[in-house]
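Shown next, in structure tokens, is the structure this report addresses.
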Number of protein chains: 2
Amino acid sequence: MTTHAHALAERYIASWNETDTLRRRSLIEDVYNEHARYTDPMVDAKGWEAIDATVSAVQNMFPGHRFTLAGDVDAHHDTLRFQWHLAAPGADEPLVIGFDVAAMEGGRIGQVFGFLDKVPHVI
Amino acid sequence: MTTHAHALAERYIASWNETDTLRRRSLIEDVYNEHARYTDPMVDAKGWEAIDATVSAVQNMFPGHRFTLAGDVDAHHDTLRFQWHLAAPGADEPLVIGFDVAAMEGGRIGQVFGFLDKVPHVI
């Protein structure tokens, strides 16, 4: 369970970093159920198409930036939580720190509850 | 939305502190949907009856202890997250620190994803 949860979280992060259109969509279909829901403070996306469009939009907002898992993946009862960092190319400090709870259904993600722990200052 | 979320989190915490059987059940029916699901690392409870039994069992494990909200309630898209403390009577430091994400449906809680940030050492 914990191994699967960690591997799923890694593939989830990989989907946020994958800029090749076909590979990104393939990762998203592997990671999420077809009608999965993803929410964070800015977004409410339902299904592969909307989630893919969300990831693409974020990648366009932060070109060249990379997502990484931060710390452990904490998992129980088909639920996982983890923090992630988004960093600019070559940066030491993350630009954004986020936190997600993901509910699994049948081994894939059925819903993501995303939160932001650190956001860039808007000048 | 944020005001409602905060008030809901406060009533949720109150339900964990309420030891009068009838008042506790009334709070639980007010806070959760009838078929709500509550999970944490130790428990998977579905519906008012099972949630009430869970809360009662925790109260029996920690007699006289009090739950309090810790920090802000962070809310968006019918979702809230908050940390809580469980402290022994007269204690300065919490014995347990937990963290919950709650998904609302129609103004009440449809699902709680509970996690533990600090647990007592078992000797």
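Nothing in this text is a laboratory measurement; each read-out follows from the coordinates by a stated rule. It should be emphasised that the depicted structure is a prediction, and the values quoted were computed from it without experimental measurement. Every residue, glycine among them, receives a Cβ derived from its backbone with ideal geometry; neighbour counts consider all protein chains shown.
The fewest-to-most ranking of A:F115, B:F62 by surrounding Cβ atoms within 10 Å reads B:F62, A:F115. When chain A is treated as a Gaussian network with alpha carbon springs shorter than 10 Å, the biggest mean-square fluctuation among A:A57, A:A14, A:A102 belongs to A:A57. With its label point defined 7 Å out from Cα along the Cα-to-Cβ axis, B:S56 lies at 5.4 nm from the matching points of the other copies, in increasing order. Between amide H atoms placed 1.01 Å from N, distances below 5 Å from A:Y32 occur with A:I109, all of them 5 or more places distant or on a separate chain.
Other residues with beta-carbon under 10 Å from the beta-carbon of B:V112 carry, at +1 per Lys or Arg and -1 per Asp or Glu, a net charge of -1. In chain B, the longest principal axis of the Cα atoms and the axis of helix B:47-61 are about 20 degrees apart. Backbone phi angles across the range A:33-39, fed through the Karplus curve with coefficients 6.51, -1.76 and 1.60 (θ = phi - 60°), yield HN-Hα couplings of 5, 4, 10, 4, 10, 10, 10 Hz in residue order; Gly and Pro are listed as x. Shape of the range A:2-118 from its Cα gyration tensor (a ≥ b ≥ c, root eigenvalues): rounded if a/c is under 1.5, otherwise prolate when a/b > b/c, or oblate? Oblate is the answer for the range A:2-118, as a/c is 1.5 or above yet b/c matches or exceeds a/b. Between this copy and the others, label points of B:R11 are 4.0 nm apart in ascending order, each placed 7 angstrom from Cα in the Cβ direction. Using Cβ point charges alone (K and R +1, D and E -1), the dipole size of chain B about the Cα centre works out to roughly 140 debye. One equal scatterer on each Cα of the protein assembly as shown, no solvent, Debye formula: the resulting log10 I(q)/I(0) at q = 0.09, 0.10, 0.17 Å⁻¹ is -0.42, -0.52, -1.31. Subtracting the Cα-Cα distance of A:H35 and A:V119 from their residue separation scaled by 0.36 nm leaves 27.4 nm. Where chain B is carried onto chain A by rotation, the Cβ closest to that axis, with its residue and distance in Å, is B:V101, 2.
Annotation note: chymotrypsin sites (Phe, Trp or Tyr not before Pro) in the range A:3-32 located in DSSP loop regions with a Cβ neighbour count of at most 10 within 10 Å are absent. Each residue of the range A:85-102 was assigned a 3J(HN,Hα) from its phi angle through the Karplus curve 6.51 cos²θ - 1.76 cosθ + 1.60 (θ = phi - 60°); the sequence is 10, 10, 10, 5, x, x, 7, 7, 9, x, 6, 10, 10, x, 9, 10, 10, 10 Hz, with glycine and proline shown as x. Taking amide H as placed 1.01 Å from N in the peptide plane, B:D117 has its amide H under 5 Å from the amide H of B:I97, B:G98, B:F99, each at least 5 places away in sequence or on another chain. Give me the distance between the Cα centres of the range A:53-107 and the range B:1-66, rounded to whole Å. Measuring centre to centre over Cα atoms gives 31 Å.
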